[in-house]
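The structure appears below as structure tokens.
The values are calculated or read from the model by the stated rules, or taken from the named source; none is laboratory data. Computed from a predicted structure; not experimentally measured. Glycine also receives a Cβ, built like all others from the backbone with ideal geometry; neighbour counts cover every protein chain displayed.
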Amino acid sequence: MSARAVLRGGLRLESHKTRPLEQPVQRLAAPTTAVLALDQGSGEEARAIVPPGACVRVGTPVAAGRGAAADLHSPVSGTVRAVEPRPTVGGAGTCVVIDSDGRAEREPASRPLAWATLDGAALIERLAAAGLAGLGGAAFPTAGKLALARAAGVELLLLNGAECEPWICCDDALMRECAADIVLGARVMLAACGAARATIALEDDKPEARAALEAAVAEAGDERLEVVLLPAVFPLGAEGLLVAAVTGREVPQGALPPEVGVVCQNVGTAAGVARLVTAGLPALTRIVTVTGSGVRRPMNLEAWIGTPITELIAACGGYDDKQPPVRLVAGGSLTGRALGSDAVPVTKGLNCVLVAAASDLPARTTEMPCIRCGDCAAVCPVGLLPQQLHRAVQADDAAGVARFGLADCIECGCCDYVCPSAIPLTARFRAGRERQRLHEAERRRAAEAKARYERHRRRLDEQAEAERRAFEEARRRARGDGAGDR
Amino acid sequence: MNSATLLPALGVAAALAVALGAALGWLAARLRPDADSLIERIDALLPQTQCGQCRYPGCRPYAEAIARGEAGTDRCPPGGEATARALATLLGREPRPVDPLYGETQPPRIAVIDEARCIGCALCLPACPVDAIVGAPRFVHTVIESQCTGCELCLPPCPVDCIALQPSPAAASLPQASTVSL
Amino acid sequence: MPSPHVVAGYTVPRVMFQVLLALVPVLAVQVYLFGPGPLGLVAVACVTALACEALALALRRRSSQSALRDGSVLVTAVLLALAVPPLLPWWLLVFGTAVAVLIGKHAYGGLGQNPFNPAMVGYAVLLVSFPLEMTRWPVPGPPWDALTGATALDAIGNGLRQGYTMEEVRAGAGFGRVGAAGAEWVNLAALAGGAWLLGRRIIRWHIPVAMLAGLAVPAALAHGLDPGAYPGALFHLASGAAMLGAFFIATDPVSAATSDRGRLIYGAGIGLLTWIIRSWGGYPDGVAFAVLLMNLAVPLLDRGTVPRIHGQPRR
């Protein structure tokens with residue numbers, strides 16, 4: 001409907017989304033061995049609740065959520081082989097390994113949900129039990145986010161369909177094919193978080209998706225929903241920037257969107273909510289874009305959580321011999337994570353597998369000193385001065401990194417992209433943050449030690465004072481008894 | 001240049017120098033940070049180990065000595081290079097590396113009591129400047145890991161030498177800043 | 001491999017060589033006006049610069065492979081060669097280039113570390129040490145007679161001191177249609193080259209626009225108040241090293257301010273100082289000193305113009 005452009009800097013990138021979108025989303029069969037990482041992308045591990053040897057069905061909870069980890073359910077029916085460390089997208093992590101018996105028996109408890117009859121808190125509980133997590137990549141528990149939003153009294157639910165990375169198109173495919181699910185999910189989440197209206201935001205390079213969404217919204221007839229178009233600039237899909245672009249309000253530093261009355265959810269998460277209420281299924285599948293010049297037939301696949309990526313690549317025709325892959329990236333070309341092997345399993349946070357051939361990755365030249373050209377500052381969407389920040393990070397200057405906003409860096413990679421000196425700015429900032437975190441921990445320890453030392457001194461002083469007084473008392477009594485004899 | 005222009009020029013330059021120097025001196029006296037806040041700022045940079053390796057009974061006395069100009073910035077081994085440099089920067093002095101006379105900078109360590117050998121004499125309890133050892137006479141003593149600063153003051157009093165220093169499990173190694181190769 | 005996995009492909013050598021390309025029109029105009037002299041000067045400066053850079057890198061025990069190929073020192077050399085009068089003896093240019101590269105650049109730590117514009121350091125040292133040779137400009141030809149005459153800025157300075165009005169001075173030799181004879185064409189060539197660099201996004205608009213505004217606005221104001229004593233804005237923009245300074249010298253990224261707002265102030269400061277030095281100072285053209293003075297101000301500008309970070313309150 002309306003196009004609003006509110007983004008400092010950013011990049012207009014060449015899109016590589018046409019090939020995977022030439023065909024509809026293909027549903028993959030469930031894997032023969034499901035490898036469920038306890039950390040599905042949020043950085044925190046859930047707690048495994050099934051021992052090796054236990055029998056599970058489709059939808060049986062295998063791990064209990066805690067903190068930033070959501071509940072985890074089995075995508076297959078069969079037996080738990082082991083709970084052991086395995087290679088994952090994040091490097092290595094504990095995984096629940098389940099051997100499928102091929103029968104796909106479902107949990108009897110999975111039934112459609114009469115969501116309109118439930119109040120917000122009850123809905124949130126059901127969402128939590130279903131293990132729904134943010135499918136945009138962060139994999140934060142949806143129920144937790146909505147509960148926070150409800151407590152903060154947000155008035156807008158913002159559905160993120162921006163998908164600004166140039167290679168990823170899973171959300172585009174979802175919006176084209178399952179627009180009705182997204183709309184239903186939006187309405188359920190509105191009831192859960194208590195917001196007054198919902199906006200689905202997408203970039204203007206997705207005309208088919210826009211048409212599908214507008215049709216679905218019209219069909220639902222819910223006046224609280226609207227579709228908003230944004231210019232296709234990277235990284236407009238980042239949560240804080242999207243909120244600012246759509247509402248004009250900036251989330252204060254260090255705060256979350258509910259502080260300005262907004263809660264964001266990915267469109268894929270919304271579709272997952274819809275699947276929960278219509279079929280009673282917990283979070284078991286997601287759409288993954290398998291793309292890159294290194295794979296024969298790039299396409300979008302609906303994969304079960306826990307499927308090894310090898311099966312996804314095989315479903316796309318396998319690796320291309322003419323353009324052998326040189327790098328496997330989980331995520332997009334600017335913010336994705338290079339993988340050491342293709343044996344890692346699909347997680348809730350995995351939106352794309354980029355099988356990059358040499359032609360997809362421009363060669364990086366050797367690093368040179370910063371020439372202060374300022375291109376990095378021109379493209380930084382958050383308004384940082386990467387060259388000054390880089391200097392402060394290299395010097396381990398705590399005041400400098402605070403001043404130049406290291407904590408606000410969203411690690412989008414724009415500055416890296418344009419740097420003529422080929423300085424790996426994003427990697428340096430990431431390492432710098434880690435170092436600052438450790439320095440902060442050290443400072444906290446020192447402050448605690450100082451406080452304890454002062455208490456220790458006070459205790460000794462009080463003891464000395466008490467002894468002195470006791471001595472004085474004893475001497476006074478002695479003098480009072482006899483004439484200075486003892 | 002003849003003397004007709006030289007002398008006035010020199011005179012003006014000299015007058016300027018005197019005036020500016022006087023102004024700077026007056027400003028330095030007026031804007032001197034008060035002593036207390038300086039001691040606070042120095043103390044904030046110290047690691048609070050209270051170990052006494054600097055030959056002062058604790059970090060605060062050392063901070064006071066630095067502020068008085070009595071002690072150098074190179075006496076704190078637990079603080080290491082970073083602290084020495086930060087102190088020098090704060091005081092506007094030439095940064096000096098930690099003087100080995102006052103000890104070697106070690107990676108973070110904590111004291112661990114070998115409970116099999118502890119005789120419960122309670123001599124180590126008052127030695128700890130942060131009260132990190134729990135115990136009582138004739139009860140086995142133990143060090144609270146999260147509160148130990150690795151100052152080593154509990155080692156000398158122990159009559160059976162059952163306390164040893166081990167690498168601290170809490171402190172992970174810092175990722176180093178990468179250097180530009182040019 | 002950490003993210004991001006793609007890059008745009010800009011490199012320092014590519015940037016530097018495009019700057020050199022943009023300077024070709026200026027060189028061509030100078031050759032047309034003054035003969036083949038400037039070509040020789042450019043060659044001398046380039047050779048000297050490369051030799052000095054190799055020497056400095058060897059002394060600093062750094063590899064000279066990539067450093068010599070990045071082209072930054074060539075830009076310094078060519079700018080200096082184009083800024084000095086074409087009649088300058090070549091050994092003086094060698095001296096100036098050596099100062100620019102060894103002191104102006106490497107004494108501060110090499111590429112990316114110099115607080116002052118190296119070409120202007122060399123130029124200023126030459127100007128102060130050899131004022132006679134550095135202000136001897138030939139009458140623009142063709143023909144190239146190597147006859148020297150006052151430049152337009154010179155003529156204004158001297159003429160006004162002798163009591164002539166601006167109109168009388170402007171009618172004399174050394175003046176073209178808009179600005180200084182000859183120099184106005186050089187400025188036009190620099191403007192063309194600069195506009196090309198802007199279009200290719202090699203440089204950004206803040207410094208050139210701010211500098212030209214900083215030069216034009218006081219000039220226009222002063223001319224409006226006292227046309228007899230001050231030439232107008234167009235004259236200033238078309239004489240001396242105005243355009244060369246705006247698009248090539250002041251835009252040296254290493255010695256310029258960091259943020260956009262800082263760059264606007266930096267450029268405006270250079271323009272203003274250039275006008276002040278031209279109007280009331282002892283030297284006919286003030287670009288070099290203006291640039292060096294504003295280089296001094298850059299750390300302060302950087303501290304005071306940090307842009308607002310997303311999420312910080314709007315002041």
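Things to note:
- Per-region count, segment A:206-245, residues within 14 Å of another protein chain (Cβ to nearest Cβ) and more than 29 Å from A:Glu22 (Cβ to Cβ): 6
Residue-by-condition table, conditions (1) at pLDDT 90 or above; (2) within 20 Å of C:Thr151 (Cβ to Cβ):
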position	(1), (2)
C:Ala195	yes, no
C:His206	yes, no
C:Ala216	yes, yes
C:Leu221	yes, no
C:Pro231	no, yes
C:Ser239	no, yes
C:Ala246	yes, yes
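- Test result for C:Leu273, away from every other protein chain (no Cβ under 14 Å) and out of contact with any helix residue (DSSP H, G or I) (no Cβ under 9 Å at 6 or more places or on another chain): no
- Restricting A:Ala218, A:Ala191, A:Ala196 to residues that are in contact with a Phe, Trp or Tyr (Cβ under 8 Å, 6 or more places away or on another chain), at pLDDT below 95 and surrounded by fewer than 24 Cβ atoms within 10 Å (Cβ to Cβ) narrows the list to A:Ala191.
- Meeting the requirement of 2 or more residues that are surrounded by fewer than 17 Cβ atoms within 10 Å (Cβ to Cβ) and without any contact (Cβ under 8 Å) to a residue 60 or more places away in the chain, the helices (runs of 4 or more DSSP H) wholly within segment C:151-232 are C:152-161, C:183-199, C:206-225.
- Criterion violated by A:Thr310 - all others in (1) hydroxyl-bearing (Ser, Thr, Tyr); (2) in contact with a helix residue (DSSP H, G or I) (Cβ under 8 Å, 6 or more places away or on another chain); (3) assigned to a helix (DSSP H, G or I) satisfied: (2)
- Selected residue [within 14 Å of chain C (Cβ to nearest Cβ) and either in a helix (DSSP H, G or I) or surrounded by 22 or more Cβ atoms within 10 Å (Cβ to Cβ) (or both)] from A:Ala399, A:Ala474: A:Ala399
- Only one entry of A:Arg372, A:Arg337 meets the criterion of being facing chain C (nearest Cβ under 8 Å) and at positive phi, and that entry is A:Arg372.
- Residue match in segment A:402-415 (condition: surrounded by 15 or more Cβ atoms within 10 Å (Cβ to Cβ), at pLDDT 90 or above, more than 9 Å from chain C (Cβ to nearest Cβ) and more than 28 Å from the chain's Cα centre (by Cα)): no
- Near pairs, Cβ below 8 angstrom, 6+ apart or cross-chain, from segment A:171-189 (within 21 Å of A:Gly332 (Cβ to Cβ)) to any residue that is hydroxyl-bearing (Ser, Thr, Tyr): A:Ala173/A:Thr289
- Options C:Arg14, C:Arg60: the member that is surrounded by fewer than 20 Cβ atoms within 10 Å (Cβ to Cβ) and farther than 20 Å from C:Ala190 by Cα: C:Arg60
- Where strands (runs of 3 or more DSSP E) fall wholly inside segment A:1-98, no range has 1 or more residues that are within 14 Å of chain C (Cβ to nearest Cβ) and in contact (Cβ under 8 Å) with a residue 24 or more places away in the chain.
- Residue within segment B:65-78 that is part of a loop (DSSP other than H, G, I, E, B), at pLDDT 85 or above and farther than 21 Å from B:Gln48 by Cβ present: yes
- Qualifying residues in segment A:119-154 (those that are assigned to a loop (DSSP other than H, G, I, E, B) and aliphatic (A, V, I, L, M)) - the one surrounded by the fewest Cβ atoms within 10 Å (Cβ to Cβ): A:Ala138
- Scanning segment A:366-396 for residues that are closer than 15 Å to C:Tyr10 by Cα and either in a loop (DSSP other than H, G, I, E, B) or in contact with a His (Cβ under 6 Å, 6 or more places away or on another chain) (or both) yields A:Thr366, A:Glu367, A:Met368, A:Pro369, A:Cys370, A:Ile371, A:Arg372, A:Cys373, A:Gly374.
- None of C:Pro86, C:Pro36, C:Pro25, C:Pro2 is more than 14 Å from chain A (Cβ to nearest Cβ) and touching a strand residue (DSSP E or B) at 6+ places or on another chain (Cβ under 8 Å) except C:Pro86.
- Residue match in segment C:109-127 (condition: at pLDDT below 90, surrounded by fewer than 17 Cβ atoms within 10 Å (Cβ to Cβ) and away from every other protein chain (no Cβ under 14 Å)): no
- Only one entry of A:Ala343, A:Ala363, A:Ala377 meets the criterion of being under 23 Å from the mean Cα position of the chain (by Cα), of a type in the set (Gly, Ala, Ser) and either assigned by TED's automatic domain parsing to the domain that holds A:Gly405 or over 14 Å from A:Pro325 (Cα atoms) (or both), and that entry is A:Ala343.
- Test for A:Ala377: is it more than 7 Å from chain C (Cβ to nearest Cβ), small (Gly, Ala, Ser) and out of contact with any Phe, Trp or Tyr (no Cβ under 9 Å at 6 or more places or on another chain): no
- On inspection, A:His439 fails the criterion of being without any contact (Cβ under 8 Å) to a residue 40 or more places away in the chain and assigned to a helix (DSSP H, G or I).
- Selection from segment C:145-170 of residues that are at pLDDT 70 or above and among the small types (Gly, Ala, Ser): C:Ala152, C:Ala155, C:Gly157, C:Gly159, C:Gly163
- Residue within segment C:264-279 that is buried (at least 24 other Cβ atoms within 10 Å of the Cβ), among the aromatic types (Phe, Trp, Tyr) and within 28 Å of C:Val29 (Cα to Cα) present: yes
- Looking at A:Leu135, A:Leu127, A:Leu156, just one residue is farther than 24 Å from A:Gly349 by Cβ and touching a residue at least 60 places away in the same chain (Cβ under 8 Å), and that residue is A:Leu156.
- Taking segment C:32-99 as the region of interest, the helices (runs of 4 or more DSSP H) fully inside it that hold 1 or more residues being free of Cβ contacts under 8 Å to residues at least 12 places away in the same chain and within 30 Å of C:Gly182 (Cα to Cα) are C:37-59, C:90-98.
- Selection within segment B:49-64 - of a type in the set (Gly, Ala, Ser) and either in contact with a Pro (Cβ under 9 Å, 6 or more places away or on another chain) or outside any helix (DSSP H, G or I) (or both): B:Gly52, B:Gly58
- Matching residues in segment C:100-134 - criterion: being in contact with a helix residue (DSSP H, G or I) (Cβ under 7 Å, 6 or more places away or on another chain), not in a helix (DSSP H, G or I) and not charged (D, E, K, R): C:Gly104, C:Leu111, C:Asn114, C:Pro115, C:Phe116, C:Asn117, C:Phe130
- Residue in segment C:245-260 that is part of a helix (DSSP H, G or I) and farther than 24 Å from C:Leu82 by Cβ present: yes
- Set C:Leu39, C:Leu102, C:Leu87: member being assigned by TED's automatic domain parsing to the domain that holds C:Leu21 and closer than 24 Å to C:Val298 by Cβ: C:Leu102
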